[in-house]
Amino acid sequence: MEFKKTFFENLNFDIPSYNQWKEKAEKSLNGESLENLITYTYEGISLQPMYRQKDIRNTTLTYSYPGFSPFTRGKEVTNNGWEVNQEINIGTPNEFNKVAKYEISKGQTSLNIVIDNPTKNGFNADEFPEETGNKGLSISGVSDVVMLLKDINLTYIPIHIYAGVNSLPLFSLFIAALEKEDRKVKHLKGCFGMDPFKELITNGSIRYDLSEIYDIMTEITKWTLEYAPDLQTILVHSDPYHNGGSSAVEELAFTLSTGVEYLYALTTRGMDVNKAAPKIRFVFSIGSNCFVEIAKLRAARTLWARIVEVFGGSSNAQKMYIHARTSLWTKTVFDPYVNILRASTEAFSAVVGGANSIHVSCFDEAIQKSTSFSRRIARNTSIILKDEAKMALTTDPGGGSWYIEVLTNEIAKKSWDIFKKIESMGGILSALKRGFPQKQVNETAEKRENNLALLKDIFVGTNMYINLKEEELDIKPFDESHAIEYHVKQVKSRGGLLTIGLKNKTNIITKLVDLAKSGANLSQIARITGRKNDGILQ
């Protein structure tokens, strides 16, 4: 022991100064300026080749702790890991149930139900048979819900469902199915969410009056406070901006503005902010720039805490729940197995950034519906990060890094500037009507496209290191055509679209649940709740 002590004491390494390092670095660059090592991001941030302790002196975020406002370092004191929340996009209830139970048995910890476009728009399977089951699960009645949830214990398995503009029709069917099966609604956990702005931005219009949708949003949220307190009811998606090619600061600013829109809608309809804010779940797409994405999630929690505080919310209400989804925008049709690597690095960023639940994209996402093989690879990516890499053992592993702290601060500041500009326009709806988000995203997207064309940005297998001998994927998804055809016939045989209505809309959820138990289908309930029946599926 004495030898070791003496040995290390005698090493006496000199600590080089920044100027000494700079001199050596520029010498290695053959005398060129160190500025050649600066990286300029789409966020307007200049990434320095080296960061020092003095760089964080003007940031306050570094000195916060996990579980304490503004929650930069995480919304909880300890890290219990994240939900393995993989999307399941099987088309029919019976087949969905089989796949879901298998995925859960292999390590999936949350049930992410992707529904198809007719269901999302409030139409039965037989009304748009050509679209039924194409992009997700078709649900038209209570019996479909009973089938898809058969032998799945929702006491232990949280759900994640995005139900489009208006979640009430589908929500009514789910609650009716649970009550008919004598399953405890109060045990529901996760999110059964609506996000009208996602559909409005994606399609350019929605089938409902926005004010009526906010009334419904408020009713469902109030109902769950009493009957399903652990269930969130509102989703705020960043992917319309992200997949459009936006920068991280644009994506964050526009998403936060949408969150403010929903929170304002709830509080102006009589809800306490401390009860309303925790019912909102944010869904962020995670791109390929590892450190930018880590900083984006940390900045998101920081800014949302500030927003809820301004609304008068308590420290507990300021906590942001983040579901992270690895980017669709970065997934390529060419050389698709490389997508496995992209999704892995993006999932890593989500973990380090502190996401509460994560979906890892299947490598064939841009080409086809998932297969058993592609789902297994994606699911195991999350499990390896958690159980083998032990990423769940540490809260905010990047906290204190001069680089990450400075980057978090920069993204927060730049996002806040855009956010304030949107609010000065009257909010996200007014900004969209004026074309402000569209213009910002389009300009960034054009820069990305130009950089890809000029090889300044690299997509392996697409614009660099192309596999000229590439063959079509030989792993095909299960052919659902016969199952979907049978499902459509079954829905049609249940009866026509009966005309039903309500004399008044007090206690509307209880009334709709009773109607669903009595046989009312999705389309009938959707029309009661204000769906415009223009015969066009968006």
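The values are calculated or read from the model by the stated rules, or taken from the named source; none is laboratory data. What you see is a predicted model; the values in this text were computed from it and never measured. Every residue, glycine as well, gets a Cβ built from its backbone with ideal geometry; the counts of neighbours run over all protein chains shown. These area figures cover heavy atoms from the full protein model, side chains too; ligands, DNA and RNA do not enter into them. Shrake-Rupley method; radii C 1.70, N 1.55, O 1.52, S 1.80 Å.
Scanning the range 337-351 for residues that are crowded, with 24+ Cβ neighbours inside 10 Å and out of contact with any Phe, Trp or Tyr (no Cβ under 9 Å at 6 or more places or on another chain) yields Glu346, Ala347.
Do we have any residue at all in the range 457-465 that's in contact (Cβ under 8 Å) with a residue 60 or more places away in the chain, assigned to a helix (DSSP H, G or I) and open to solvent by less than 80 Å² (accessible area, probe 1.4 Å)? Checked against the condition, which is being in contact (Cβ under 8 Å) with a residue 60 or more places away in the chain, assigned to a helix (DSSP H, G or I) and open to solvent by less than 80 Å² (accessible area, probe 1.4 Å), the range 457-465 yields no hits at all.
Just so you know, in the range 190-209 the residues that are within 20 Å of Arg269 (Cα to Cα) and either assigned to a loop (DSSP other than H, G, I, E, B) or at pLDDT below 95 (or both) include one that is most open to solvent (accessible area, probe 1.4 Å), and it is Asp209. Specify which of the listed residues (Val165, Val185) is in contact (Cβ under 8 Å) with a residue 24 or more places away in the chain and surrounded by fewer than 19 Cβ atoms within 10 Å (Cβ to Cβ). Of the residues listed, the single one that is in contact (Cβ under 8 Å) with a residue 24 or more places away in the chain and surrounded by fewer than 19 Cβ atoms within 10 Å (Cβ to Cβ) is Val185. Inside the range 140-162, residues that are hydrophobic (A, V, I, L, M, F, W, C) and either within 18 Å of Ile508 (Cα to Cα) or in contact with a Pro (Cβ under 6 Å, 6 or more places away or on another chain) (or both) make up a count of 3.
Given the structure, is Gly67 buried (at least 19 other Cβ atoms within 10 Å of the Cβ), modelled with pLDDT under 95 and in a loop (DSSP other than H, G, I, E, B)? The answer is no for Gly67.
Name the single residue, out of those in the range 302-318 being assigned to a helix (DSSP H, G or I) and touching a residue at least 12 places away in the same chain (Cβ under 8 Å), that is most open to solvent (accessible area, probe 1.4 Å). Across the range 302-318, the extreme among qualifying residues is Arg306.
Please find, within the range 258-296, the residue that is least open to solvent (accessible area, probe 1.4 Å) out of those that are outside any helix (DSSP H, G or I) and farther than 20 Å from His359 by Cβ. This residue is Met271. Consider the range 235-255 and keep the residues that are under 30 Å from Leu154 (Cα atoms) and touching a Leu at 6+ places or on another chain (Cβ under 8 Å). The one that is surrounded by the most Cβ atoms within 10 Å (Cβ to Cβ) is Ser238. Go through the range 319-332 and give me each residue that's assigned to a loop (DSSP other than H, G, I, E, B), open to solvent by 10 Å² or more (accessible area, probe 1.4 Å) and in contact (Cβ under 8 Å) with a residue 60 or more places away in the chain. Hits for the range 319-332 are Lys319, Leu328, Trp329, Thr332.
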